Amino acid sequence: MIDTDSIAGTGRDVRSLVKETVVGAGPGDAWAAWVSSEGIASWWNPPETRIDLRIGGPFELLFAMDEPEGRRGSEGCQYLAYVPGEMVAFTWNAPPHLALRETNTWVVVTFTELNTASTAVRLVHTGFLEGPAWDDYMGYFDRAWEYVLDLLCEHWSTT
């Protein structure tokens, strides 16, 4: 069961970040890069993952292994929905240094074929409310998702 109590943002007043890129892979390969430990490791490369592609399954990327449990990465995040080869959605949390660490938002990544060797990837991170702590949360990911999508693009430019 997905714990929707940790997701604060609902309704028309939520704010969203939208990031888009094009990768040099078909949509099936681009999608697969987001839905398994092996896929994530091939381009994002966190030290550890806990990934189980099913509704409510964990989507946890652990980056700071020297930190205590709960402060290592996206602990507690879960898959919300997916359409094979087309879309994946998951809850997401703020990094430990931000005030809203325990409040989840959600991310939807879609994959649209441009031709057999390129895919448009659109990432929408939504559920941000108003206020200074929310501005910090949103501002952090405005920069972070640019970096993440750059890593994704670089993966297919060197493979």
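Taking region 10-22 as the range and being among the charged types (D, E, K, R), open to solvent by less than 60 Å² (accessible area, probe 1.4 Å) and closer than 17 Å to Phe111 by Cα as the test, only Lys19 passes.
Residue check: Tyr140 meets all listed conditions (1) touching a residue at least 12 places away in the same chain (Cβ under 8 Å); (2) open to solvent by less than 60 Å² (accessible area, probe 1.4 Å) but one, namely (2).
Among the residues of region 23-61, those identified as acidic (Asp, Glu) and either part of a helix (DSSP H, G or I) or surrounded by fewer than 19 Cβ atoms within 10 Å (Cβ to Cβ) (or both) are Asp29, Glu38, Glu48, Asp52. Being part of a strand (DSSP E or B), aromatic (Phe, Trp, Tyr), at pLDDT 95 or above and open to solvent by 60 Å² or more (accessible area, probe 1.4 Å): is that true of Tyr147 here? No: the conditions fail for Tyr147. If you filter region 62-115 down to residues that are outside any strand (DSSP E or B) and of a type in the set (A, V, I, L, M, F, W, C), you find that the one that is farthest from Thr126 (Cα to Cα) is Met65. Open to solvent by less than 30 Å² (accessible area, probe 1.4 Å), under 29 Å from Asp135 (Cβ atoms) and modelled with pLDDT under 90, is that true of Arg101? Yes; evaluated as a whole, the condition is true for this residue.
Restricted to region 112-137, and to residues there that are without any contact (Cβ under 8 Å) to a residue 60 or more places away in the chain and of a type in the set (D, E, K, R), the residue that is surrounded by the most Cβ atoms within 10 Å (Cβ to Cβ) is Asp136. Against the condition under 27 Å from Arg54 (Cα atoms) and in contact (Cβ under 8 Å) with a residue 24 or more places away in the chain, how does Leu152 come out, does it pass? Answer is yes for this residue. For region 79-116, the set of residues classified as closer than 17 Å to Ala30 by Cα, of a type in the set (Gly, Ala, Ser) and over 15 Å from the mean Cα position of the chain (by Cα) consists of Gly85 only.
The values are calculated or read from the model by the stated rules, or taken from the named source; none is laboratory data. As the structure is a computational prediction, the values presented were derived from the model and not from experiment. All Cβ positions, glycine included, derive from the backbone under ideal geometry; neighbour counts span all protein chains shown. All accessible areas refer to the heavy atoms of the entire protein, side chains included, with ligands and DNA or RNA removed. Shrake-Rupley method; radii C 1.70, N 1.55, O 1.52, S 1.80 Å.
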